[in-house]
Structure formats: C-alpha cells, structure tokens
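Novice: Quick one: the structure is below, and I'll ask about it shortly.
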Amino acid sequence: MSFTIPPAPLDIAEEFPELVPLARATTVLYPRVGNPARDESSLGGPLLWPADELWPTCAAPDHFNPARGCAVAGPDPVAVVPVLQLLARDVPALVFPAGTDMLQVLWCPLIHSEHDQYSPVPVLRWRSSADLAERPPLFKPPRPYEFDDEWIPRICVVHPTETVEYPNQDMPAELTERVGEWSEQVQESCGISYYDAFTTQQSKIGGYPGWTQSPNWPHCTCGSRMEHLLTISASESCGRWLPVEERTRPGCGWEVSDNPELEDNSHGMIMGDCGGVYVFVCRTCPTWPTVHRYDC
Ligand SMILES: [Zn+2]
Ligand SMILES: [Zn+2]
C-alpha cells in the first residue's frame, strides 16, 4: 500500500527554472515494522530463496564487529542477511533486467575495509518469480555467527510511494549556493527548508543518492558513470515526506512534522550516524554490475 505525500509547499519551477531538468522520479520505500510474507516486498524480511541455491557468505579477510573491538571476525565465512526484497509490481518505476521481476539485496553485517568505506557490502540478486515458483523455497536461511547489530534491520513491510525530487548536492556549485540561501529564507518564512521539501533522505529506489557527505559517484569499468539504483538510509522521517497517514498533528499538510514513534516503527538501523548505503548500477554493461557507497 502506498502512502500519501503532501503536495509541495512552493512552486520550485517558478523559483528555480534551472532545477526543472534536474527533477527525478523516485520511489520512497517507507519501511515499517511488520510481518511480511516470504513472497512479498519487505525490508529486512524473509526472502523467497530457492533451497537448491547456496546462501551467500562473506569471507573478507579483515571484516570486523566494532562491538568486539577491531578484531577480525574469524576465518569462517559469515552468512549475509536479508536487507530488501522488491517485487516489480510494487515498484513500477524500477527497471528490471529482461526476464526478472524481483530484486533481492543482502549484506554482510560486519564492517569492512577502507576499500568498502567501513560499511557492510551489499549482494544483489535479480530473479524471476516464475522461476522461483518451480523451485522449493529455503525455509531456514543460515544466520551470521558474528554481526554488528547496527546493520541488522528489523523486519519491515514497505509502502513504496512514487514522487519527484530535486538534487540535494548534485548540481553546479553556483546553483547549490543560491538554493542554499533561498532555503534559509523559506525556512524562516514557511518553516520548511528546500532540503526537507524537495529532496528525500529516506530509503528509496531511483532519484538522487541521499548523500550526507559530498557526492561520490562511481564509474563503471566500461567508463560510464553508474546510475543510482537505491538508497538504504537511517533517516526515515523528515519534513514534507512524512506521509499524511502518519501525521499526528493536524496542519496544512507539509510543515515539518514529528512523530516520535516513527523511528521505533522502522528498520532501526542508525548506520553510523544518520548515514546511508547507496547502491549504483551500470545498465550499459550486460551483466548490470553494481557497486556501493556509504557515508554518514
Ligand atoms: Zn563481510
Ligand atoms: Zn558498465
């Protein structure tokens, strides 16, 4: 079920016509604690995984659990954990490889080397639900023997909701500066900033990466700049994007609204400090290679 996002408080095209070509469609996921079925879209929920396929493990030589100091986890491979499962019917804007209609994202819930930006390392699978229907499902996937619980999401249903956003930082420096100044003015006069009204920081598909630091776009080995595929973000409730269905105070519908229960009702990952993991894909290369970035 989709949520309802309040309309934009101001006409951004009127204020900044140069932002219009930078608008991007995005699907905000809105993970909320729940009990998704194995064959439904979810964040942190059970995956529809074929029993005849090995569950992925990570054998990085230097991954570690910070709660136990910086000691390396051990020589045995660590089972990855479910992070996201999306069915094409729930995210119509997501482009799938031919013949597939399900995306699964898992990651090793340990901290990895500097090369992996001291974050978990995502693993993706694009699947065909027709193919999965012919294979018996795995009912009890292995659990990691060592993990950093900051990177284990609570089990959530998702409410994918399509919207349009504008760049947070992915625009020319001169425009960033002018937008920033204007944002301060509207924050004063209207109670909401450009960033809270026109850019999303939540877990999402497409749109712009929800950077909390300077943009760090990866390039594929083929030379193309990779596309932002999805963000898994610690931030789940900000500004205008708090859905109408979850607002606890009446109002004109777009002002910054708080809902203290929301963070308890979402995946619960702090991800460093309001951080995010951003997955990028190259759809020019036939195998659709992916890489990730992490910041906080
Ligand atoms: Zn690992
Ligand atoms: Zn490529």
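Novice: Applying the selection to segment 34-60, what residues are among the β-branched types (Val, Ile, Thr) and touching an Asp or Glu at 6+ places or on another chain (Cβ under 8 Å)? Quick ask: steps written out before the conclusion?
Specialist: To start, the set of residues in segment 34-60 that are among the β-branched types (Val, Ile, Thr) comprises 57.
None - no residue of segment 34-60 is among the β-branched types (Val, Ile, Thr) and touching an Asp or Glu at 6+ places or on another chain (Cβ under 8 Å), so the list stays empty.
Novice: So if I check each of Glu53, Glu40, which one is of a type outside the set (A, V, I, L, M, F, W, C) and under 24 Å from the mean Cα position of the chain (by Cα)?
Specialist: Details: Glu53 fails: under 24 Å from the mean Cα position of the chain (by Cα).
None of the others qualify; the one that does is Glu40.
Novice: Could you check Ala93 against (1) in a strand (DSSP E or B); (2) among the aliphatic types (A, V, I, L, M); (3) in contact (Cβ under 8 Å) with a residue 60 or more places away in the chain and say which number it fails?
Specialist: So the condition that Ala93 fails would be (1).
Novice: Being within 16 Å of ligand 2 (Cβ to nearest atom) and within 21 Å of Thr231 (Cβ to Cβ) narrows it down to one of Pro122, Pro82, Pro109, Pro97, so name that one.
Specialist: Working: Pro122 fails: within 16 Å of ligand 2 (Cβ to nearest atom); Pro82 fails: within 16 Å of ligand 2 (Cβ to nearest atom); Pro109 fails: within 16 Å of ligand 2 (Cβ to nearest atom).
Going through Pro122, Pro82, Pro109, Pro97 in turn, just one is within 16 Å of ligand 2 (Cβ to nearest atom) and within 21 Å of Thr231 (Cβ to Cβ): Pro97.
Novice: If you go through segment 45-81 one residue at a time, how many are more than 14 Å from Cys108 (Cβ to Cβ) and outside any loop (DSSP other than H, G, I, E, B)?
Specialist: The qualifying residues number 5.
Novice: Please list, ordered by first then second residue, the pairs with beta carbon atoms under 6 Å, 6 or more apart or interchain, first in segment 219-232 and touching a residue at least 24 places away in the same chain (Cβ under 8 Å), second of a type in the set (Val, Ile, Thr) and near ligand 2 (Cβ under 6 Å from one of its atoms).
Specialist: Every condition considered, the pairs that remain are Cys222/Thr284; Ser224/Thr284.
Novice: Continuing with this model, one more query. In segment 105-116, how many are buried (at least 19 other Cβ atoms within 10 Å of the Cβ) and more than 12 Å from ligand 1 (Cβ to nearest atom)?
Specialist: Within segment 105-116, the subset buried (at least 19 other Cβ atoms within 10 Å of the Cβ) is 105-112, 116.
Add one more test, that the residue is more than 12 Å from ligand 1 (Cβ to nearest atom), and what stays is 105.
Residues that pass the stated criteria total 1.
Novice: For the subset of segment 182-229 comprising residues that are in contact with a strand residue (DSSP E or B) (Cβ under 9 Å, 6 or more places away or on another chain) and of a type in the set (Gly, Ala, Ser), which member is surrounded by the fewest Cβ atoms within 10 Å (Cβ to Cβ)?
Specialist: Ser214
This table checks each residue for (1) over 20 Å from Pro153 (Cα atoms); (2) within 16 Å of ligand 1 (Cβ to nearest atom); (3) surrounded by 15 or more Cβ atoms within 10 Å (Cβ to Cβ); (4) not assigned by TED's automatic domain parsing to the domain that holds Trp126.
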| position | (1), (2), (3), (4) |
| --- | --- |
| Ile5 | yes, no, yes, yes |
| Thr26 | yes, no, yes, yes |
| Pro46 | no, no, yes, no |
| Ala51 | yes, no, no, no |
| Ala71 | yes, yes, no, no |
| Leu84 | no, no, yes, no |
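Novice: Here's something else I'd like to know. With the structure loaded, tell me whether Thr26 is of a type in the set (S, T, N, Q) and over 22 Å from Thr200 (Cα atoms) or whether it fails that test. Spell out the reasoning first.
Specialist: Values: of a type in the set (S, T, N, Q): yes; over 22 Å from Thr200 (Cα atoms): no.
No; evaluated as a whole, the condition is false for this residue.
Novice: If you go through segment 213-249, how many residues are of a type outside the set (Gly, Ala, Ser), in a loop (DSSP other than H, G, I, E, B) and over 30 Å from Thr287 (Cβ atoms)?
Specialist: Keep residues of segment 213-249 that are of a type outside the set (Gly, Ala, Ser), which gives 213, 215-222, 225-232, 236, 238, 240-249.
Adding the requirement that they be in a loop (DSSP other than H, G, I, E, B) leaves 213, 215-218, 220-222, 226, 236, 238, 242-243, 247-249.
Then drop every residue that is not over 30 Å from Thr287 (Cβ atoms), which leaves 236, 238, 242-243, 247-249.
So the count comes out to 7.
Novice: Counting only residues that are touching a Ser or Thr at 6+ places or on another chain (Cβ under 7 Å) and in a strand (DSSP E or B), which one in segment 270-291 is farthest from ligand 2 (Cβ to nearest atom)?
Specialist: Ranking the candidates gives Gly276 first.
Novice: While we're on this one: Given the structure, is Pro6 over 23 Å from the mean Cα position of the chain (by Cα) and farther than 27 Å from Gln117 by Cβ? Before you say what the answer is, go through the steps one by one.
Specialist: Values: over 23 Å from the mean Cα position of the chain (by Cα): no; farther than 27 Å from Gln117 by Cβ: yes.
No; evaluated as a whole, the condition is false for this residue.
Novice: Give the residue, chosen from Leu48, Leu54, Leu19, Leu43, that is farther than 22 Å from Phe198 by Cα, modelled with pLDDT of 95 or more and in contact with a helix residue (DSSP H, G or I) (Cβ under 8 Å, 6 or more places away or on another chain).
Specialist: On the way: Leu54 fails: in contact with a helix residue (DSSP H, G or I) (Cβ under 8 Å, 6 or more places away or on another chain); Leu19 fails: farther than 22 Å from Phe198 by Cα; Leu43 fails: in contact with a helix residue (DSSP H, G or I) (Cβ under 8 Å, 6 or more places away or on another chain).
Testing whether each residue is farther than 22 Å from Phe198 by Cα, modelled with pLDDT of 95 or more and in contact with a helix residue (DSSP H, G or I) (Cβ under 8 Å, 6 or more places away or on another chain) leaves just Leu48.
Novice: Another question, if that's okay. On the basis of being away from ligand 2 (no atom under 16 Å from the Cβ), under 14 Å from Val281 (Cβ atoms), part of a loop (DSSP other than H, G, I, E, B) and in the same structural domain as Pro46 (by TED's automatic domain parsing), does Phe139 make the cut? Break it down into steps so the answer makes sense when it comes.
Specialist: On the way: away from ligand 2 (no atom under 16 Å from the Cβ): yes; under 14 Å from Val281 (Cβ atoms): no; part of a loop (DSSP other than H, G, I, E, B): yes; in the same structural domain as Pro46 (by TED's automatic domain parsing): yes.
For Phe139, the condition - away from ligand 2 (no atom under 16 Å from the Cβ), under 14 Å from Val281 (Cβ atoms), part of a loop (DSSP other than H, G, I, E, B) and in the same structural domain as Pro46 (by TED's automatic domain parsing) - is not met.
The values are calculated or read from the model by the stated rules, or taken from the named source; none is laboratory data. This structure is a prediction, so every number in the text was calculated from the model and none was measured. Every residue, glycine among them, receives a Cβ derived from its backbone with ideal geometry; neighbour counts consider all protein chains shown.
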